[in-house]
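Only one structure is covered here, and it is reproduced in the block below.
The values are calculated or read from the model by the stated rules, or taken from the named source; none is laboratory data. Worth saying up front: this structure is predicted, and the values here are computed from it rather than measured. Ideal geometry is used to build each Cβ from the backbone, glycine not excepted, and the neighbour counts take in all protein chains shown. Heads up: the accessible areas ignore ligands, DNA and RNA and are worked out on the full protein's heavy atoms, side chains in. Shrake-Rupley method; radii C 1.70, N 1.55, O 1.52, S 1.80 Å.
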Amino acid sequence: EIYSLHVDCKVTSRFAHTVITSRIVNRANESREATFEVELPKTAFITNFSMSIDGEVYPGIIKEKAAAQNEYDAAVSQGQSAGLVKITDRKLEQFHVSVSIAAASKVTFELTYEELLKRQLGKYELLIKVRPKQLVKHFQIDVHIFEPQGIHFLETDSTFMTNELTEALTKVQNETKAHILFKPTVDQQKKNSELNETLLNGDFVVRYDVKREATAGVIQIVNGYFVHYFAPQEMPVFPKNVIFVIDRSGSMAGRKIEQTMDALLKILQDLRPEDHFNFITFSNKVVEWKNSLLPATEENVASAAALVQTLTARGGTDISGALLAAVGVLEKAEGLPERSVSMIVLLTDGQPTSGERNVEVIQENVQKAINGKYALFCLGFGFDVSYKFLEKMALSNGGIARRIYENADAALQLQGFYQEVATPILMQIEMQYPENSVEGLTKNNFKLFFEGSEIIVSGKISNELDLLPVEIKAQSHTSDLTLKEEANVKEKEKVFQNQRYIFGNFIERLWAYLTIQQLLEKAISAQEEDQKALEAQALDLSLQYSFVTPLTSMVVTKPSDQQQKELANKPTEAG
């Protein structure tokens, strides 16, 4: 029986630190399995886990992956266990551990994870998955948010709320802080008064955005580490030249092609009159809808919509031919707006089966053809794609990859992705800091900035620095911009002093989190030697800051009368 479940989440300036504590008692008169099962966002890194059984603590220890595996193999002769963490859906992974406890004994499980909230479509989203599977006497979710820039709006949303449960939810907020408390009684948790079934099953989501005034963004400093947030607003949008490259091979038949059609019809409606577009569909044959890019006039959009509705799926998959054809159309395009952004959006559900089939050769040829001029976005539909291949191709060509999960909402996933990249407002963004007084700088050059997102740069400043000057250079649709800002180090440090929301050196941890994410991403498209160096750097930081990343594992040790060790690894989308 879980008699207490507490989710405590502190968000300080977009960096979220979540602790989940579950207390379980065995009311049977013999020993039983106690299970701790929680879902956490894929973007988060686990930083800590422990079990306390009758006052004895069993901590999880984070080690390099191979070392952890060796230790596990030595302890367990019967081979590989499934590991404690697995991907469960589009946004979540699940951590699951069981331990046997004696009659009348108690166990406390505690899991801590951290993540940097990413701004998408104008808001940050904190996702807490709630699924206790039983009524819990003391159930509580606490979310504390501290945003020194000021909170612009804040909303909560949940997939399981009823009128009774709404009474258990309180929200207190002032200019810079908010506290959300959800504390339903056992009666409020019940589906109905006769049955002991819980209503608590689903997502509890907090969405918010911060106030923004300064044009050159906002700088925050704690203990010698700085973070710089830059998200300009209300700027003219670049016209886009976009080529949709759509897989219509046999495996897309049925539900997938229908969902693709639904999404494309909506996306066509979202094109702006100044955009240019074209479609290429491919199976083992590559078909260009038109031989050049067309302006997105009502007439052209209507004629494209008619084409989309006739899509049928059969044949093989010539990914290489289709992408090279798309580059060809962009190469020979004429009369496009002078300052515009060109992009290729590939949607495929499989491996290359016709034309060039060697993925390394395809990657090389596509990169050579694109030559840094266009952004390539790769959407992999379902689990038959080689996600690694798509991700490497997108990251090598200034874009991103995304897996589209084959659920009822696949069309919405496709549309949502398009909305994120539909409004480029800056290109060639360079964030410049004084070289001699800043070290460990995270990525500070960005090809494109989309409205509703945010650029985050972090680094370490030398002790002597009193003023941190910043210069941002970028191109907007109408002009070349240079923005300047100067941060007074001492004053900035004061903002976070005596804040009880702060968990220690949060900007340093934010810096480490961001650096690890970026090193791992860079390693995906790097050459082999570079890849090893990048991964070694990321591993050092993962161990130093105790993050479970794809390079580390957490070894969980249990009482001596049970299978002694289990491993928690970080799953990745590429598997």
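From the helices alone, meaning DSSP H stretches of at least four residues, give me the mean residue ellipticity at 222 nm for the chain, per-run term -39500 (n - 2.57), in deg cm²/dmol to the nearest 500.
-7000 deg cm²/dmol
Counting only C-alpha contacts under 8 Å and six or more residues apart, can you give the relative contact order of the chain as a whole percent?
Result for the chain is 17 percent.
Could you do me a favour and compute the accessible area per residue for region 294-415, 1.4 Å probe, result in Å²?
That works out to 43 Å² per residue.
Would you compute the Debye intensity of region 124-249 from its alpha-carbon atoms alone, equal scatterers and no solvent, and pass along log10 I(q)/I(0) at q = 0.09, 0.10, 0.11, 0.20 Å⁻¹ to two decimals?
-0.45, -0.53, -0.61, -1.10
With a 1.4 Å probe and all protein chains in place, put LYS106, LYS368, LYS42 in order of accessible area, largest first.
LYS368, LYS106, LYS42
Specify the angular offset, from 0 to 90 degrees and rounded to the nearest 10, of the alpha carbon long axis of helix 387-396 from the longest principal axis of the alpha carbons in the chain.
Result, in degrees: 60.
Kindly express, to the nearest 10 degrees and within the range 0 to 90, the angle between helix 506-524's C-alpha long axis and the longest C-alpha principal axis of the chain.
Roughly 50 degrees between the two axes.
How big is the Cα convex hull of the chain in projection, averaged over all directions, in nm²?
If I average the Cα hull's projected area over directions, I get 29.2 nm².
Per Stokes-Einstein, at 4 °C and 1.567 mPa s, what whole-number D in µm² s⁻¹ belongs to region 312-376, with the Kirkwood radius over Cα pairs as the hydrodynamic radius?
Calculated translational D: 99 µm²/s.
With N set to the residue count of region 240-422, report its C-alpha Rg divided by 2.2 N^0.38 Å to two decimal places.
0.93
Using the Cβ atoms and a cut-off under 14 Å, what net charge is assigned to the surroundings of LEU467, where Lys and Arg are +1 and Asp and Glu are -1?
Local charge sum for LEU467: -4.
Consider a paramagnetic label point 7 Å from the Cα of ASP203 along Cα→Cβ; state which residues of region 411-441 have an amide N under 15 Å from it.
411-417
Tally the DSSP beta bridges in region 240-422 and give the antiparallel ones as a percent, rounded to 5. Could you put the intermediate results ahead of the total?
Numbers: 5 of 29 bridges.
Close to 15 percent.
For region 398-538, just the Cα set please: Rg and Dmax, both in angstrom.
18.5, 56
Please work out how much accessible surface ARG403 shows to a 1.4 Å probe, ignoring ligands, DNA and RNA, in Å² rounded to 10.
Its accessible surface works out to 20 Å², give or take rounding.
For PRO424, what charge total do you get from the other residues with a beta carbon under 10 Å from its beta carbon, if Lys and Arg give +1 and Asp and Glu give -1?
Result for the neighbourhood of PRO424: +1.
Of LYS63/LYS133; LYS10/LYS137; LYS447/LYS492; LYS63/LYS558, which ones are farther than 25 Å apart at the Cα?
In this structure, LYS63/LYS133; LYS447/LYS492 exceed 25 Å between Cα atoms.
Quick check: net charge around PHE15, other residues with Cβ under 10 Å of its Cβ, Lys/Arg +1 and Asp/Glu -1?
+1
Roughly how many whole Å is it from the C-alpha centroid of region 329-395 to that of region 170-227?
39
Heavy atoms only, 1.4 Å probe, whole protein assembly: order LEU311, LEU195, LEU346 by accessible area, highest first.
LEU195, LEU311, LEU346
Under 12 Å from a point 7 Å along the Cα-to-Cβ line of GLU1: which residues of region 123-146 have their amide N that close?
Hits in region 123-146 for GLU1 at 12 Å: 135-138.
Does anyone have the angle between helix 359-370 and the longest principal axis of the chain? Alpha-carbon axes, 0 to 90°, nearest 10?
Computed tilt is about 50 degrees.
In whole percent, and with a 1.4 Å probe on the protein chains, what portion of the accessible area of region 240-422 is carbon and sulfur?
Of the solvent-accessible surface of region 240-422, carbon and sulfur hold 47 percent.
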